[in-house]
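A quick write-up on the structure given underneath.
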């Protein structure tokens, strides 16, 4: 019986990551400059404080840290607090063990386990710090003579490295670093929320090396990719309503209201002379200009606002451009309807104007259009299923 084969061996090799050539090349070059900067600054520090630091102290654990900080920046292990506090508290534990603990093997073991305990308590777990804590213990007499002054070069190493990493991640690679650990706000109740992800993580007992926000983002992206796989061939132009009513920026408020009231519309796009969307007008946009006191009649107030002022001067908006909502989401006709699902379900939109390649209005997609389309696709999938 064959115990070992090449296939058995390859199954333990991790799959290739999703880093682009740019995301691989820049960290490789940046690691050179990061370590160079740490070395130069440490050398300068030892020359300035020669009486306290007679020799250059460069932490070998900086080499491990730079890999985590530049290549897995979204990990909780790679955040500035984990890196900064982890190295300092580990160095402190290490020097205490070097000064006061014997025999040697106990000092080494206690330094590592003590640093891990401290990092877990302070929520600053950073694996290379277990190497930092061993430096004063293994270094022997030179480091024991330094005592707590050992923390000075450690602080120098950490600050210079952190400054370099922030420059590379934020300015060169345009990454969201450091990651935000904001309070979780539930998303739409029908979609996957961060609270769902957090509860799933709590059900396991192992440490997951990914930021909760990033994991939630990846799962939502996976959901969207699934929708595109199932319904991605259907576009907005196939389900939109054409021949819709619209108004221009200078259309009078009274005229626009008559159109919406007569055709029982809840919203209309506002366009310019070139048929490009410049805003959207909803019934709520009319109502927000009606100021009511407890004893006012709403219909009378609304009628007074809508009716055109017959005089040269006016104290209220007279054209749609003055009351419309300027921030309007539009989609091109060849956009997949999966993008509509996100806009309607998670962001609360009720209708989306559709434009062509010249950015001119060609139709509108309402929630009813999307529901009808998805229903037809589901029926078709059931009919064609073997």
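The values are calculated or read from the model by the stated rules, or taken from the named source; none is laboratory data. The structure displayed is predicted, hence computed values, not measured ones. As a convention, Cβ positions derive from the backbone with ideal geometry for all residues, glycine included, and neighbour counts pool all protein chains shown.
Quick check on this structure: which one of 136, 142, 153, 127 is in the same structural domain as residue 35 (by TED's automatic domain parsing) and not in a helix (DSSP H, G or I)? Show your work before the answer.
Working: 136 fails: not in a helix (DSSP H, G or I); 142 fails: not in a helix (DSSP H, G or I); 153 fails: not in a helix (DSSP H, G or I).
Just a single option satisfies the conditions, and that option is 127.
Scanning for something in the same structural domain as residue 166 (by TED's automatic domain parsing) and touching a residue at least 40 places away in the same chain (Cβ under 8 Å), does the range 107-117 turn up at least one residue?
no
Quick check on this structure: which one of 70, 59 is in a helix (DSSP H, G or I), crowded, with 22+ Cβ neighbours inside 10 Å and at pLDDT below 95? Explain how you work it out, then say what you get.
Details: 59 fails: in a helix (DSSP H, G or I).
From the options 70, 59, the qualifying one is 70.
Only one of 113, 46, 90, 82 is under 27 Å from the mean Cα position of the chain (by Cα) and assigned to a helix (DSSP H, G or I). Can you tell me which?
Numbers: 113 fails: under 27 Å from the mean Cα position of the chain (by Cα); 46 fails: under 27 Å from the mean Cα position of the chain (by Cα); 90 fails: under 27 Å from the mean Cα position of the chain (by Cα).
Of 113, 46, 90, 82, the one residue that is under 27 Å from the mean Cα position of the chain (by Cα) and assigned to a helix (DSSP H, G or I) is 82.
Only one of 254, 238 is out of contact with any strand residue (DSSP E or B) (no Cβ under 9 Å at 6 or more places or on another chain) and under 20 Å from residue 335 (Cβ atoms); which? Even if it seems obvious, please write down each step before you answer.
Details: 254 fails: under 20 Å from residue 335 (Cβ atoms).
238 is the lone residue from the list that is out of contact with any strand residue (DSSP E or B) (no Cβ under 9 Å at 6 or more places or on another chain) and under 20 Å from residue 335 (Cβ atoms).
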